[in-house]
Amino acid sequence: MNSLTIKEISSFLSTRIHFPKKSPTESPPHKKWDASARAAIVILWGLLVYPQLDKDLEQRRQKKIVTIAELQRLFFEYLGSKEQCMQILLLLKKHDYIRMDEDQTISAGTELYKAVDALKMYRLFRDSIISRSFYQQNQ
């Protein structure tokens, strides 16, 4: 994947409404968030959900988690400082996009599976040499 802007990354979010809705005007919470938080959803989807969809990667990559330190190291340009990154992660945790444990690891929450346009992202990741080498390198 070329170096994408935060806006380009966040464009992969889905705007589907999932039923049952609590109110007629309810939309996914991420629609109201800033670009960094929306980009974090897409980045985390790529790290945590995509490997489960790609049969080649699923067999090689056994863990379905990423550490906070690894996330910050790899995506500092999108997620900012440690404090900024933690604010984003806590927001995502609050809305069940991710789950974090005391070992500083992140796993996918229910909303992460629903928030991203999986077909669009799958095609992008499948064709990306960089993403494939990342997953092979970080087994």
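When region 96-117 is filtered for residues that are open to solvent by less than 60 Å² (accessible area, probe 1.4 Å) and in contact with a helix residue (DSSP H, G or I) (Cβ under 7 Å, 6 or more places away or on another chain), the ones remaining, listed by number, are 96, 97, 98, 100, 106, 107, 108, 112, 115, 116. Of all positions in region 1-15, at least one carries a residue that is assigned to a loop (DSSP other than H, G, I, E, B), open to solvent by 20 Å² or more (accessible area, probe 1.4 Å), at pLDDT below 70 and in contact with a Pro (Cβ under 8 Å, 6 or more places away or on another chain).
The values are calculated or read from the model by the stated rules, or taken from the named source; none is laboratory data. Owing to the predicted nature of the structure, the values given are computational and were not obtained by experimental measurement. Cβ sites come from the backbone with ideal geometry, for glycine too, and all protein chains shown count toward neighbours. Just the protein is used for accessible areas: all its heavy atoms, side chains included, with ligands, DNA and RNA removed. Shrake-Rupley method; radii C 1.70, N 1.55, O 1.52, S 1.80 Å.
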